[in-house]
Amino acid sequence: MNAPSPRRWAALALIATAQFIVIMDTSIIGVALPRIQQDLGFSQENLSWVFNAYVVAFGGLLLLGGRLSDLFGARRLFGAGWGILLAGSLVAGIAPEVWVELAGRVIQGAGAALIAPSALTLLMMLFGHDPRELTKAMALYGAAAPAGGTAGVFLGGVITEYLSWPWVFYINIPIAVVALLANKPLMPAAPPQRGSVDVAGALTVTAGLAAAVYAIVRAPEVGWGAAQTWLVLAVAVALLGAFVAIQARRREPLMRLSIFRTPNLAAANLTQLLLGGAWIPMWFFLNLYLQQVLGYSAFPSGAALVPMTVLIMIGMIVVAPRAIGRFGPKTTTVTGLVLLTAGMAWLSLISPDGSFATDVLPAGLVAALGMSLAFIPSLGTAISSARPEEGGLASGIVNTSYQVGSALGLAAMTAVAAANGAAQLGDLPALTGGFSAAFVGAAGIAAAGALLAGLTLRSHQPQPAEPGSATAR
């Protein structure tokens, strides 16, 4: 076994930063959405595409990113992803109209799809030699994801209030430059593997996901019974079916279907899918409630979610590893999803004349604690279940599960919110009713996740947590 890299903790800081940024880019646009809508002419129903264009490209290309990471080396793909993210951020920032903005977001998502699986592969290469160090590293890496999602709201508020909305994209550029410069000195090199790239598989899964999200987002406007809705859904099903058929027949598929026979891998990925499907809609509509109903401007809206960010960081780095050590990953995951369900249900009680202190903060903290407990053990279970030589693939699959869940969950809850009045800007009771319905729907997704995790995850005998094992030294 190779000696551990003396720069592994510095490398972990860059890996965690990568995870923070690719998830932050899903949320930093939240506070800026009303300004983007006003300047570029998005409708209320189509505004979610500023989010979904990124997430569909991210989620749809993650499997390809994982495969490329295994074939060409994680360090090389990590650097390429940062370069593409930088280019997409520039395009999204200078966008003069809707289609350019969405194109920039798609390019950003493609870059993130290369960064995320290669980052996880690099983490396993750096810390796989020591289970205790791996637990610490995974906790810090895991904390970066939801922390990036929530912190992005705060940063978006600051930037939108004191600069202008294009800077929510430009902020990526200097970070990407630093990452590109630090990549080769810090990251371990791995010899590339022989194999082919399944382009047809990548195209069909990405197009299928995009069609499914498009159909769900457009359904409230054109009607659930409309021919257009069902035609697009049929196209989505056909494309995703074609993807499965391609994977079953190819000698070197994008995703080896038999990998899901690995104990716990399918269950952990299903948990991640439902976790993303619950958490992202909660963040999206909570931000709209703060601005469009409570009347918060950009900076106060972002600052209002700082307590959630702090609790998530503490929960992921300190609480979750100890809970896993004492109770095992299954119990910790289910408990987290139950708490997330409770927080969502509590948020559904919002009122048009509510306040942050009573309607948002307590419920948001419960949801944040639930997220921090559920995310780490399900992520770790999904990654550790695969064979070492398929680390990139496993990383791509679990990231895909979370991002696809995020996109489909937000699309579905956008439809639910619109059907219950959220499209009526200026009508505070109608807006509140729509947002409340979305929180109820998100609570249902989290509850389904808790039930399925309880039924499908296999238990492991918990090991006592060692004092101080929750944080890196």
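The values are calculated or read from the model by the stated rules, or taken from the named source; none is laboratory data. What you are looking at is a predicted structure, and each value in this text was computed from that prediction instead of being measured. Don't worry about glycine lacking a Cβ; one is built from the backbone with ideal geometry, like all the others, and counts go over all protein chains shown.
For this structure, a couple of remarks:
- Some residue of segment 228-239 being hydrophobic (A, V, I, L, M, F, W, C) and under 26 Å from LEU85 (Cα atoms): no
- The set of residues in segment 253-273 being polar (S, T, N, Q) and buried (at least 20 other Cβ atoms within 10 Å of the Cβ) consists of ASN264, ASN269, THR271, GLN272.
- Enumeration of residues in segment 6-41 that are closer than 19 Å to LEU410 by Cα and charged (D, E, K, R): ASP25
Matching residues to (1) more than 30 Å from PRO6 (Cα to Cα); (2) part of a helix (DSSP H, G or I):
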position: THR135; (1), (2): no, yes
position: MET138; (1), (2): no, yes
position: ALA144; (1), (2): no, yes
position: GLY148; (1), (2): no, yes
position: VAL153; (1), (2): yes, yes
position: THR160; (1), (2): yes, yes
position: TRP165; (1), (2): yes, no
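- Residue match in segment 189-196 (condition: under 28 Å from ALA415 (Cα atoms), buried (at least 16 other Cβ atoms within 10 Å of the Cβ) and of a type outside the set (D, E, K, R)): no
- A single member of GLN463, GLN403 is modelled with pLDDT under 90, surrounded by fewer than 24 Cβ atoms within 10 Å (Cβ to Cβ) and among the polar types (S, T, N, Q), and it is GLN463.
- Restricting segment 125-166 to residues that are in contact with a Pro (Cβ under 7 Å, 6 or more places away or on another chain) and under 17 Å from LEU14 (Cβ atoms), the residue that is modelled with the lowest pLDDT: ALA139
- Looking across GLY109, GLY93, one residue alone is within 30 Å of GLN292 (Cβ to Cβ) and either polar (S, T, N, Q) or touching a Pro at 6+ places or on another chain (Cβ under 6 Å) (or both). It is GLY93.
- THR381 being among the polar types (S, T, N, Q), assigned to a helix (DSSP H, G or I) and modelled with pLDDT of 90 or more: no
- Qualifying residue in segment 88-98 (condition: part of a helix (DSSP H, G or I), assigned by TED's automatic domain parsing to the domain that holds ILE383 and at pLDDT below 85): yes
- Long-range neighbours under 8 Å by Cβ, at least six apart or interchain, first residue farther than 13 Å from GLU101 by Cβ within segment 37-56, second modelled with pLDDT under 80 and among the acidic types (Asp, Glu): GLU45/GLU221
- Single match in ALA18, ALA13, ALA32 (criterion: closer than 22 Å to LEU85 by Cα, assigned by TED's automatic domain parsing to the domain that holds TYR141 and surrounded by fewer than 23 Cβ atoms within 10 Å (Cβ to Cβ)): ALA13
- Filter result for GLY104 (touching a Leu at 6+ places or on another chain (Cβ under 6 Å), crowded, with 20+ Cβ neighbours inside 10 Å, modelled with pLDDT of 90 or more and not hydroxyl-bearing (Ser, Thr, Tyr)): no
- Considering segment 1-58, and only residues there that are part of a loop (DSSP other than H, G, I, E, B) and among the aliphatic types (A, V, I, L, M), the residue that is modelled with the lowest pLDDT turns out to be MET1.
- Screening the candidates THR135, THR160 for the property of being closer than 30 Å to ALA189 by Cα, β-branched (Val, Ile, Thr) and assigned by TED's automatic domain parsing to the domain that holds ARG75 yields one hit, THR135.
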